[in-house]
Structures are given as C-alpha cells and as structure tokens.
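Below is one structure; the comments refer to it alone.
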Amino acid sequence: DEAIETGTGTGDYNGTVPLTTTPGTSGYDLKDGARGGHKTYDLNQGTSGTGTLFNDADDTWGGGRQSAAVDAHYGAAVTWDFYKSVMGRNGIKNDGVGSYSRVHYGSNYVNAFWSDSCFCMTYGDGYGNANPLTSLDVAAHEMSHGVTANTAGLRYSGESGGLNEATSDIFGTSVEFYANNSSDAGDYLIGEKIDINGDGTPLRYMDKPSKDGASADYWSKSVGRLDVHYSSGVANHFFYLLSEGSGAKTINGVSYNSPTYSGSTVTGIGRDKAEKIWYKALTTYMTSTTSYSGARTATLSAASDLYGASSAEYQAVAAAWTGVNVK
Ligand code: ASN
Ligand code: ZN
Ligand code: CA
C-alpha cells in the first residue's frame, strides 16, 4: 500500500487548503489515496491524453502551473467527501474508485467538462476576463455529471438534459456550501468566481434563472427545446424554492429574490433536506428519459420515502414544483 500524505496548496479560489498526495519516485504526486486514488494531471495546453501527473518536491503546492491543479484536486476531494459523508456514496460509481482531473486544457479554453469516455474532468484556463474554470462549484458540477451518468443516466437533450444539467448545478452548489470555505462562501450562483461575462456576474442564478438572459424560470411545453444549460433553470429554481422558499432572502451576504409562477408562496425546508430528496430521486426514481413531470413524481416519491407522504417536506416538494409550473 502507498502512503497517504497530507500536503497543503494555495490555488486561485480556496485559500490555503489541505491536499491529499502520494509519495512519488521523488517528491510527492498529486494522487489522492484517501479518495480512490484520484489524480490531477497537467495537460500543458494539450487536448488529449493525460499529459503529466503533477509532482512537487516538498508537498507545498501552488503558483504557476500548480494553482489550477490545487483547485481541481481540492474540488474533487471536497466533492468526494460530500457524496460520502452526506449521501453515503463512495465515489462516482459508488465503488470507491477515483477518477482524474486534467488542467490547462488547450489554449484560451473557457469551459470545463466531464467525459464518460475517460471517466475524467477537464478544465480550461479561461481567456480574457474569464479566470481558470476550476472554482469549487464548477469542479463539483463536472464531477456530478459523472454521478448522474452512473445513476439515472439522464439523456443530455430535451427535458432530461435540463434535469441532468440542473443536477450538476444543484450538487455543485451543495458542495460549495458543504465546503464552508472562508474564501468561497456558499451561494445559489454558478461560476460566480470565474467572471465569464467580464462584468462580475455569474454564469447562472438558481433563485431566478432568467437573470442570465436565457434560462427558463418556469416549465412550458417548449422548454425542452432550449439548450440544456437553460432548460435546467426550471429545476434549479425548484431546488432554490424547496430549500429557501419564495421571496427575498440574504444568505452569506448575497441577496436573492425568488418568484413563483402565478404568485404562490413556497416555504423552504432547508437545503440539507432538499439535497437528500434530489439525490434519492436521482438514484432511485429518475431514468434516462425522465421529464419535468417525471421529476415531480420522482422527488415526491423520494420525499415520501425519506419523510412520509403526509410530511411537510412532501407538501413543500409539491408546492415548489407548482411554483415553477410543473403540475
Ligand atoms: N461546462 C459544461 C457543462 O458541464 C460543458 C458542457 O456543455 N457539457 O455542462
Ligand atoms: Zn454541465
Ligand atoms: Ca457558486
């Protein structure tokens, strides 16, 4: 067995954090023996293969090419810990096996992605105003695509595609709150650290998804024709309403104001319960072709299993879906 070492790293987003590493031929490799052997590689601007496994002489990481690696490795570790300690899931496939991250993908690449074929996540460096795509919510978003692919398998188009994307935003946000990192407080915004628009605005808003200019706040029969990153708005909004309720609220210094379809009031049950309902629905009731009406049924079944069919939680799930026009 290889030794499990604890180094420290300072990346772009999370302050100085512990990093789990492994002794290498010399120095330390960025390989997390406490989390299935998850590794972090430097693609060095390439677009295929794995490049080079990060290695460091003294296990104190950061600066230069290492900064993105620190954030990606930390993001994978916190996401692993979230699934394990909150959901009881042991890795992406629930088999204890890690995946890997690749940073410095391509040139001027302003995106990040999960790939089923490599069972890995990949991060670009950004370009112009856009910072590296390795913030915690983005890392957890990408790793959660792996969880979705290995559970419900939601098809990445139409309404199921919106649910797939929303699942990644929901757990990306859940991980950001779970981390409780003082450099990156939890919020219901996606990619707020990246500055992808160059004006300080986030990529997506869960309280009122249409604030991005393209996402749907409510279900309509044409919602499945939108790009999956916009049809996701309906479920992101559902999750916000279920967690925090409708109306105005400030959390960790961020102000939200969540509307509902036809003006109903929703009382939130708290994010912890909302997360558990979504996870149970994803892993027990949703399938590759689940639609928005199917997601309503799936989450009601999950709420019934977890809290009872006459519980306040069950009623809140129904009210939150009605609040986004999923009847
Ligand atoms: N960053 C995007 C995502 O994870 C990449 C994509 O469009 N698949 O959704
Ligand atoms: Zn995604
Ligand atoms: Ca966020």
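The values are calculated or read from the model by the stated rules, or taken from the named source; none is laboratory data. Because the structure is a prediction, the values reported are computed rather than measured. When we count neighbours, we look across all protein chains shown, and the Cβ atoms used for this are built from the backbone with ideal geometry, even at glycine.
Of the numbered conditions (1) of a type in the set (Gly, Ala, Ser); (2) within 18 Å of Glu159 (Cα to Cα); (3) crowded, with 18+ Cβ neighbours inside 10 Å, Ser288 satisfies every one except a single condition; which is it?
Among (1) of a type in the set (Gly, Ala, Ser); (2) within 18 Å of Glu159 (Cα to Cα); (3) crowded, with 18+ Cβ neighbours inside 10 Å, Ser288 violates only (3).
Looking at (1) more than 16 Å from ligand 3 (Cβ to nearest atom); (2) under 23 Å from Val228 (Cβ atoms), which is the only condition Glu142 fails?
(1)
Just name the residue that is nearest to Ala149 (Cα to Cα) out of those in region 263-315 that are under 22 Å from the mean Cα position of the chain (by Cα) and of a type in the set (Asp, Glu).
My answer is Glu275.
Is it the case, given these coordinates, that Gly91 is assigned to a loop (DSSP other than H, G, I, E, B), touching a Pro at 6+ places or on another chain (Cβ under 9 Å), more than 29 Å from Trp219 (Cβ to Cβ) and touching a residue at least 24 places away in the same chain (Cβ under 8 Å)?
Here the answer is no, as Gly91 does not meet what is asked.
Six or more apart or on different chains, Cβ under 6 Å: which pairs go from a residue in region 249-277 that's over 12 Å from Ala320 (Cβ atoms) to one that's surrounded by 13 or more Cβ atoms within 10 Å (Cβ to Cβ) and basic (Lys, Arg)? Could you list them?
Going by the 6 Å Cβ cut-off, the qualifying pairs are Tyr256/Lys249.
Can you find even one residue in region 61-68 that is hydrophobic (A, V, I, L, M, F, W, C), closer than 20 Å to Thr16 by Cα, out of contact with any helix residue (DSSP H, G or I) (no Cβ under 7 Å at 6 or more places or on another chain) and not assigned by TED's automatic domain parsing to the domain that holds Ser183?
yes
So if I check each of Thr148, Thr122, which one is closer than 24 Å to Asp207 by Cα and either touching a helix residue (DSSP H, G or I) at 6+ places or on another chain (Cβ under 6 Å) or within 16 Å of ligand 2 (Cβ to nearest atom) (or both)?
Thr148
Could you grab me the full set of residues in region 37-53 that are of a type outside the set (A, V, I, L, M, F, W, C) and in contact (Cβ under 8 Å) with a residue 12 or more places away in the chain?
Gly37, His38, Lys39, Thr40, Tyr41, Asp42, Asn44, Gln45, Gly46, Thr47, Thr50, Gly51
Would a scan of region 171-185 turn up a residue that is away from ligand 3 (no atom under 11 Å from the Cβ) and under 20 Å from Ser291 (Cα atoms)?
yes
Restricting to region 235-272, what's the tally of residues that are touching a Gly at 6+ places or on another chain (Cβ under 8 Å), under 21 Å from Ser182 (Cβ atoms) and either of a type outside the set (Val, Ile, Thr) or not assigned by TED's automatic domain parsing to the domain that holds Pro202 (or both)?
Going through region 235-272 one residue at a time, the tally reaches 1.
Filter region 160-193 down to residues that are outside any loop (DSSP other than H, G, I, E, B) and acidic (Asp, Glu) and give me whichever is farthest from Gly270 (Cα to Cα).
Glu165
Okay, residues lined up against (1) away from ligand 1 (no atom under 15 Å from the Cβ); (2) without any contact (Cβ under 8 Å) to a residue 24 or more places away in the chain:
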residue	(1), (2)
Met143	no, no
Thr148	no, no
Val175	no, no
Ile194	no, no
Gly198	yes, no
Arg204	no, no
Asp207	yes, no
Lys211	yes, yes
